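In what follows, a structure is listed as structure tokens, so that the remarks can point back to it.
The values are calculated or read from the model by the stated rules, or taken from the named source; none is laboratory data. Because the structure is predicted, anything quoted here is derived from the model rather than measured. Don't worry about glycine lacking a Cβ; one is built from the backbone with ideal geometry, like all the others, and counts go over all protein chains shown. For accessibility, only protein heavy atoms count, side chains too; no ligands or nucleic acids. Shrake-Rupley method; radii C 1.70, N 1.55, O 1.52, S 1.80 Å.
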Amino acid sequence: MNAPIPGPPEAVTPVAPGPATGPTPARGPMPGYVDFARIGPLSRRAGAALAAATALAGRADPADLDRLFALSDAARSSAARLLDARPHEIALAPSTSHGLFTVAAALPGPGTVLVPRGEFPANVYPWLRFAGRGGPDVRLIDPDGERHITPDLLRRHLTPDVTAFTVSAVDSLTGHVAPLAALKEVLGPGRLLIVDAIQGLGAVPLEADAADVLVSGGQKWLRAGWGAALMLIRDRCGERLTPGLGGWAGVTEPFAVRHPAPSLPGAAAHLATNPDFPAAAAIGAAVDDLLHQGGPAAVGARIRATLAELLDRARQAGAEILSDGLDHQERAGIGTFRLPGHDPGTVHRALEAVGVITTRRDEWIRLSPHASTPAAAADLFAEALRTLTHRTTRTHGTTHSSTDAQESTCPTS
């Protein structure tokens with residue numbers, strides 16, 4: 001693990017669309033695609049696994065069904081290697097949100113769960129929905145500085161009623177990597193650290209061993225598509241969680257005369273039903289591919305290097321970088337900028353027009369490249385910014401460039 005990545009990154013070769021009357025040939029993302037924090041286009045290996053498992057499901061021979069179940073078990077074993085866990089501590093949920101709702105349903109009250117203000121909504125609504133329905137109360141805490149949750153801040157908010165703290169491993173706007181080990185040290189063994197890892201898993205190394213519970217879908221940095229998420233529930237906290245959403249797939253005898261039957265051991269106790277087997281095959285293949293490439297440290301080094309180049313190009317164009325003070329290890333695969341004096345909608349559209357695909361969040365533009373992002377992306381990006389920030393005019397026969405600072409900035413919603 002963590003050996004250098006063998007060979008070049010996965011090639012990104014655009015293919016022209018087919019005729020209007022025929023199917024469009026499959027292709028990878030455009031060279032300027034730097035939006036993996038939103039959607040990671042399905043990798044070739046995950047796509048092949050998805051197609052093969054779908055073919056098995058189409059035949060539905062008894063032996064093929066056994067193979068589908070085996071693919072799900074293999075995905076859990078691969079995830080256990082990635083997260084330094086035991087296979088029975090891993091279950092497959094349909095999505096990050098579903099996994100977090102599963103955990104919220106499993107965490108009994110009374111008590112209080114701390115939730116950082118500004119968390120991505122997927123890590124807010126589960127706790128709000130179960131507060132007052134048998135779950136703990138919710139207390140929102142304001143971060144220090146630009147959305148950062150520090151150990152000292154967490155310590156100041158700990159009161160005897162706090163039973164859990166939930167946080168994103170990587171902030172979806174700033175790219176800040178949460179110090180999971182230090183946060184868990186503050187919480188101690190008696191309180192749960194629950195981690196939404198979707199913006200970090202597959203992009204950078206995470207202190208996953210600090211998490212009591214961790215959930216991550218596969219459709220972003222893992223490039224596994226939709227339909228499966230990894231849900232880690234460590235043995236050390238299993239007895240503190242009830243099988244709130246655990247259904248027939250989570251018990252030892254689903255057809256017992258009396259219900260509920262005893263729960264299965266480990267994370268499987270929280271399964272409502274069987275996983276999406278083709279999606280399980282895809283996420284398993286994606287994790288295997290990540291491990292084959294050297295793991296999160298090797299892949300993350302390439303992602304961080306590409307992001308650093310993009311942010312340097314943005315600074316050269318006069319952009320302001322959100323959380324620019326983060327050091328190398330504090331920033332994951334996400335960087336966010338804005339061009340003072342320029343309407344962010346105009347910036348976003350101009351980038352898209354030349355094939356640089358990003359996400360706009362109010363006045364900020366988010367960049368999130370992958371290890372597979374080619375060097376050409378930085379050149380496309382820099383040229384688009386140059387065109388935005390300089391307008392060529394001819395006055396008295398002389399051509400010169402002048403900074404365009406006349407566009408208005410749209411209000412923050």
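The table for this structure:
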| quantity | calculated |
| --- | --- |
| Long-range neighbours under 7 Å by Cβ, at least six apart or interchain, first residue outside any helix (DSSP H, G or I) within segment 287-302, second open to solvent by 30 Å² or more (accessible area, probe 1.4 Å) | Gly294/Asn2; Gly294/Ala3; Gly294/Pro4 |
| Single condition Lys184 does not satisfy, out of (1) part of a loop (DSSP other than H, G, I, E, B); (2) among the charged types (D, E, K, R); (3) in contact with a helix residue (DSSP H, G or I) (Cβ under 6 Å, 6 or more places away or on another chain) | (1) |
| Exclusive hit being open to solvent by 10 Å² or more (accessible area, probe 1.4 Å) and either on the phi > 0 side of the Ramachandran plot or of a type in the set (A, V, I, L, M, F, W, C) (or both), set Ala279, Ala285, Ala314 | Ala285 |
| Any chance Arg360 is part of a strand (DSSP E or B) and in contact (Cβ under 8 Å) with a residue 12 or more places away in the chain | yes |
| Residues satisfying the stated conditions in segment 202-222, i.e. open to solvent by less than 10 Å² (accessible area, probe 1.4 Å) and either over 21 Å from Val113 (Cβ atoms) or part of a strand (DSSP E or B) (or both) | Gly202, Ala203, Val204, Val213, Leu214, Val215, Ser216, Gly217, Gly218, Trp221 |
| When residues of segment 363-374 are limited to those that are assigned to a strand (DSSP E or B) and in contact (Cβ under 8 Å) with a residue 40 or more places away in the chain, the one surrounded by the fewest Cβ atoms within 10 Å (Cβ to Cβ) | Trp364 |
| Odd one out for Ala319 among (1) farther than 24 Å from Arg386 by Cα; (2) crowded, with 20+ Cβ neighbours inside 10 Å; (3) not basic (Lys, Arg) | (1) |
| Yes/no for Gly134 being on the phi > 0 side of the Ramachandran plot, in contact (Cβ under 8 Å) with a residue 24 or more places away in the chain and touching an Asp or Glu at 6+ places or on another chain (Cβ under 9 Å) | no |
